[in-house]
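The values are calculated or read from the model by the stated rules, or taken from the named source; none is laboratory data. Source: prediction; values computed, not measured. Note that each Cβ is placed from the backbone with ideal geometry, even for glycine, and that neighbours are counted across all protein chains shown. Each accessible area value is taken on the protein alone, full model and side chains, heavy atoms only, with ligands, DNA and RNA left out. Shrake-Rupley method; radii C 1.70, N 1.55, O 1.52, S 1.80 Å.
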Amino acid sequence: MSSTRGGFDVPIGLVVFDMAGTTVNDEDSVSRCLQAALGAVGVAVTIADVNEVMGIAKPEAIRVLVGKMQDRQELAGQVDEIHRDFVARAIRFYETDPSVHEVPGASQVFGTLKEAGIKVALNTGFNRAITQVILDRLVWSDSPLIDATICSDEVPRGRPHPDMIRQLMRRLEIVDPASVAKIGDTPADLQEGRNAGCGLIIGVTEGTHSREELESHPHTYLIDSVKELPALLRAARG
C-alpha cells in the first residue's frame with residue numbers, strides 16, 4: 001500500500017470494482033480487440049493510443065480514436081459498425097481464451113468484504129453482452145459474493161461520469177457516496193470515483209496503467225492488487 005491522499009470518516013458500505021485489469025485477468029485483450037476492430041477499417045492505433053481511452057464506454061473509446069484520424073472523416077459514421085466488430089471479437093476471446101481467469105484472490109476479497117457486511121458490485125466499460133460472457137466464464141453470474149453488476153450501455157453516460165455508481169447506489173440502497181469505495185486500474189475509474197463523490201478512490205497498478213501513470217489522477221490510495229484491499233480498508237477504518 002502506498003500513495004495516500006486523505007482518509008475517510010464514514011465506514012465503507014459498498015465497494016465498486018472494475019472488471020478487466022482489476023478483477024479479471026485477460027492479458028490486455030481489450031486493447032488487442034480494439035486494435036483489430038479498428039485495423040479492419042484501416043485505422044492503425046498503438047497500445048498507448050488505446051490506453052488513453054481504457055475504462056470508458058467502448059463506443060465512445062472508438063469515437064475518440066477515430067476522431068484522431070483527420071484524413072478519414074468518413075469513419076465517424078462507422079463507429080457502430082466498428083463497435084459491433086469489437087464486441088464480436090471480445091466475446092470470442094472471453095468465451096474461449098485460456099488466459100481469462102479472475103485476478104488471483106478476487107473472489108476471496110469479495111467474500112471477505114461480504115463477511116464484514118460490505119456490499120460488492122462490479123462495473124465496466126463493456127456492454128452487457130460482453131460482460132455476461134465474462135460473468136458466466138468465471139462463474140460469477142448469480143454469485144452470492146456479488147450484489148450487483150452494471151455496464152456502460154445500461155446508463156445514459158459511462159465513465160468518467162458517475163452514472164454507473166449512482167445507479168448501483170440506488171439499487172443497493174446506499175445513500176451516502178462517502179460510504180462507497182471505487183477501485184479500478186484506469187484513469188477513467190479514478191475519475192469516475194471522484195465524480196461520484198466516493199469516500200475512497202483506489203487505483204490498482206497491476207492492470208493497464210502503471211503507478212506512475214495513475215499517480216497524477218484523483219485517488220486516495222494506489223495498491224498493486226485487489227488482494228491488498230481488505231487490509232487497506234481495515235487500516236483506513238482504524
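Some observations on this one:
- Selection from region 97-110 of residues that are among the small types (Gly, Ala, Ser) and surrounded by 15 or more Cβ atoms within 10 Å (Cβ to Cβ): Gly105, Ala106, Ser107
- The criterion of at least 3 residues that are of a type outside the set (Gly, Ala, Ser), touching a residue at least 24 places away in the same chain (Cβ under 8 Å) and more than 29 Å from Met169 (Cβ to Cβ) is met by the following helices (runs of 4 or more DSSP H) wholly inside region 27-131: 29-39, 79-96.
- Some residue of region 163-176 being surrounded by 19 or more Cβ atoms within 10 Å (Cβ to Cβ), in contact with a Pro (Cβ under 8 Å, 6 or more places away or on another chain) and not β-branched (Val, Ile, Thr): yes
- Listing of strands (runs of 3 or more DSSP E) fully contained in region 160-238 that carry 3 or more residues being aliphatic (A, V, I, L, M): 180-184, 200-204
- Subset of region 177-190 that is farther than 18 Å from Met19 by Cα and of a type in the set (Gly, Ala, Ser) - its residue that is least open to solvent (accessible area, probe 1.4 Å): Ser179
- Applying the set (1) open to solvent by 40 Å² or more (accessible area, probe 1.4 Å); (2) touching a Phe, Trp or Tyr at 6+ places or on another chain (Cβ under 7 Å) to Lys58 leaves exactly one unmet item: (1).
- Residue that is farthest from Gly21 (Cα to Cα), among those in region 35-48 that are under 22 Å from the mean Cα position of the chain (by Cα) and modelled with pLDDT under 90: Val45
- Residue within region 104-124 that is within 19 Å of Leu222 (Cα to Cα) and of a type in the set (Gly, Ala, Ser) present: yes
- Residue match in region 166-177 (condition: closer than 18 Å to Pro230 by Cβ and in contact with a helix residue (DSSP H, G or I) (Cβ under 6 Å, 6 or more places away or on another chain)): no
- The criterion of being open to solvent by 10 Å² or more (accessible area, probe 1.4 Å) and either in a loop (DSSP other than H, G, I, E, B) or modelled with pLDDT of 90 or more (or both) holds for Phe8.
- Of all residues in region 61-96 being at pLDDT below 90 and either within 22 Å of Asn25 (Cβ to Cβ) or among the acidic types (Asp, Glu) (or both), the one that is most open to solvent (accessible area, probe 1.4 Å): Asp71
- Residue match in region 147-155 (condition: open to solvent by 20 Å² or more (accessible area, probe 1.4 Å), in contact (Cβ under 8 Å) with a residue 24 or more places away in the chain, touching a Lys or Arg at 6+ places or on another chain (Cβ under 9 Å) and in a helix (DSSP H, G or I)): yes
- Filter result for Leu138 (touching a residue at least 60 places away in the same chain (Cβ under 8 Å) and open to solvent by 10 Å² or more (accessible area, probe 1.4 Å)): yes
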